[in-house]
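The values are calculated or read from the model by the stated rules, or taken from the named source; none is laboratory data. No experiment lies behind these values; they were computed from the predicted model shown. Here the Cβ positions follow ideal geometry from the backbone for every residue, glycine too, while neighbour counts run over all protein chains shown. To get the accessible areas, we keep the full protein, side chains included, count just its heavy atoms, and leave off ligands, DNA and RNA. Shrake-Rupley method; radii C 1.70, N 1.55, O 1.52, S 1.80 Å.
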Amino acid sequence: HQVTPTTRPKTTALPVAKFPSIADELENMQRRINQRLEQALDRGAAGISGVDSLLQDLTTEQNRLPFRAVAVMLVGRALKKTEDRRSQTQHRLLAEIVEMMHTAQNIHETVLDAGAATGGNVFHRSYGPEVGNKVSVLAGDYLLAQCSVGLGQFGRIEVVERMGEALQTMVHGSLLKSEALSSSSSGTGGASSSSRVPSSAAYEEQISLRTCSLLSDACTCAALLAGHDDGPLPDAAGRFGYELAAAYQGLRDLALYERSTAGSGTVDDSSAAWANTLPVILAAEASPDTRVALERALLHGGESLRRADLRDLVDAQDGRDRAVTFANNCALQAANCIHAFPSADDHAALDLLVRSVLDRSI
């Protein structure tokens, strides 16, 4: 029988006007990713209706620009040696593959555990936990298969190998994140109390594998596809991607912390996602007493910790300010890499991308 969604998210256009030089390419890319998801669902989820109205909510993170694709396209433009149509086509394909990898990662990470009643992604909210899980696995796997097909079109073994390794690294990082969330949310037994709030070193390893390496490898490949096989430019492009992704992730964590601690009442998030955000991690690392208080709260699933008290604990150690400083330092490192790129005409767009990450408008 036909399964009809209980809610239908509003579809709106991507806010591409900020980067007019690649606006059309971004819209076309998003359209192609949506078509691939539609193909996956048409082939394996017959009877599910209304899919077209769900896709943009799923693929653009609440209608934000796909910043990874923006970064890859802009780096490719800044490193181009000539107006070579083949190079431009390959950079567009590379950006599309990166965005599909990231979208598939998001989908797979939001598959619900058995018995979970909340969370998940737009498919769960629209079709319920059981069907939502099936659709999520199907859609994520299909996107990754399409990435493999796309990689075969480059004809450059070093690009294929590097992006294949990026996918493997990303999956490893997702597993580390899942383990960290499991440790934080286990009120009794399981992980030791000292591991419920990760160290900053563990956090940086996690985001390096899960987030930063993908954009770093993609930007390095953008340099290779632009004809820069030797010299400092591939390394500079890779470093730009890595530091930009680190800044982005740090500020996304800050936003998650702010949402988790807003308002009154207790911290009742059973997943304990707040314990794995950068402000909390840095506050715990700055003070052993703060770490003990946070660990004690996690033992009881957060039910004993008022949101106002959590804010006070983190603010007493300048956790939010430390997170912002971390993001600012990473963004500065990314901005410094831009000066190594030969096309000065494209520096302004890359600078704007860095500023947009910092002001959280992308």
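Within segment 252-266, being open to solvent by 10 Å² or more (accessible area, probe 1.4 Å) and assigned to a helix (DSSP H, G or I) holds for ARG252, ASP253, ALA255, LEU256, GLU258, ARG259, SER260. Every condition in (1) surrounded by fewer than 19 Cβ atoms within 10 Å (Cβ to Cβ); (2) at pLDDT below 85; (3) closer than 22 Å to SER216 by Cβ is met by ILE33 except one, and the failing one is (1). Close contacts from segment 348-362, counting a first residue that is on the phi < 0 side of the Ramachandran plot and a second that is among the β-branched types (Val, Ile, Thr) and surrounded by 19 or more Cβ atoms within 10 Å (Cβ to Cβ), with Cβ to Cβ under 7 Å and a gap of 6+ residues or different chains, come to LEU350/ILE338; ASP351/ILE338; LEU353/VAL70; SER356/ILE362. Of all residues in segment 335-362, those satisfying the criterion of being within 21 Å of the chain's Cα centre (by Cα) and modelled with pLDDT under 90 are ARG360, SER361, ILE362. Taking segment 124-159 as the range and being under 27 Å from ASP229 (Cβ atoms) and open to solvent by 50 Å² or more (accessible area, probe 1.4 Å) as the test, the residues that pass are SER148, VAL149, GLY152, GLN153, GLY155, ARG156, ILE157, GLU158. ASP235 - would you say it is part of a helix (DSSP H, G or I), farther than 30 Å from ILE338 by Cβ and open to solvent by 50 Å² or more (accessible area, probe 1.4 Å)? No: the conditions fail for ASP235.
Quick check on segment 273-291: of everything there that is farther than 15 Å from ALA202 by Cβ and at pLDDT below 90, which residue is most open to solvent (accessible area, probe 1.4 Å)? That would be ALA273.
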